[in-house]
Each structure stands twice: as structure tokens, then as C-alpha cells.
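What follows is a short report on a single structure.
The values are calculated or read from the model by the stated rules, or taken from the named source; none is laboratory data. Everything quoted here is computed from the prediction, not taken from an experiment. A quick note on method: Cβ atoms are made from the backbone with ideal geometry, for glycine too, and the neighbour counts reach across all protein chains shown. Remember, those area values only see protein heavy atoms, side chains included, never the ligands or the DNA or RNA. Shrake-Rupley method; radii C 1.70, N 1.55, O 1.52, S 1.80 Å.
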Amino acid sequence: MLTSILEAERYDLVVAADGHEAADLYQQCTAPFDLANIDCTMPGLSGAEVYGRIRADDERLPVILISGYDQNRVMAEISEYSCARFLKKPFSV
């Protein structure tokens, strides 16, 4: 759903099917990212693991973690890294 919304608004996206692909695409992309939207529950690597890999390369990239789980639970998983924003599912445009 989020991909469709952002594409309709004409954002350039890099979309991954799972956590491993997300981490790999981030590492391989030559253009800088302006923002990362990361679903916390993905096959392969979790959202927290992808977030950690991104933070290892870029501590300043804005990140939105998306989850249906409780915000405190999600943020506790990433507490060793710099701050991210949280978006609770379900959400509206």
C-alpha cells in the first residue's frame, strides 16, 4: 500500500521484498537515499537488523520504522542506535 501511495506522488523508490534484499539494495545503491521506510516484520532480516545495517553506514539518514506492534517494543529493539521515527499500522494517507 505504501509503495502505491508514494509512487502516485511521484517519489523515486527502491523497494525490497525482504530484509536481506533491503540491506543489499541499500549497500549497492549509488545514489544517496533521502529517507528509509522500514517495515519491522520482514522475512529474512528483521526491520531492526536492516536498520542496524543502515545506521552502520549512515547515522543521519531519516528512518521511519513501520509496525503493527507496540512502539515501545519496536524502539527498544533499536535503542543502541540513533533515533528513528515510528509509524503504527494501520495508518491512513
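Structure notes:
- Nitroxide proxy distance, nm - points 7 Å out along Cα→Cβ at residue 31 and residue 10: 1.4
- Candidate residues 21, 49: accessible-area rank, largest first, probe 1.4 Å: 49, 21
- For the chain, calculated [θ]222 nm from helices alone, where every DSSP H run of n ≥ 4 adds -39500 (n - 2.57): -10500 deg cm²/dmol
- Amide H to amide H, with H built 1.01 Å from N, residue 37 comes under 5 Å of 64, counting only residues 5 or more places away or on other chains.
- For region 36-53, putting each phi into the Karplus relation 6.51 cos²θ - 1.76 cosθ + 1.60 with θ = phi - 60° gives couplings of 10, 9, 10, 6, 6, 10, 10, x, x, 7, 6, x, 5, 5, 5, 4, x, 5 Hz, in residue order, rounded to whole numbers and with x for Gly and Pro.
- Rounded accessible area of residue 41 (nearest 10 Å², 1.4 Å probe): 90
- Solvent-accessible surface (1.4 Å probe) assigned to residue 4 amounts to roughly 80 Å².
- Probe 1.4 Å, protein heavy atoms only - accessible area per residue of the chain in square angstrom: 69
- For region 1-59, the share of accessible area belonging to carbon and sulfur comes to 47 percent (1.4 Å probe, ligands and nucleic acids excluded).
- Cα gyration tensor, region 1-72 - rounded (a/c under 1.5), prolate or oblate: rounded
- When the residues 77, 59 are ordered by accessible surface, computed with a 1.4 Å probe over the protein chains alone, the sequence from largest down reads 59, 77.
- Charge dipole of the chain (Cα centre as origin; +1 on each Lys and Arg Cβ, -1 on each Asp and Glu Cβ, all else neutral): 320 debye, rounded to the nearest 20.
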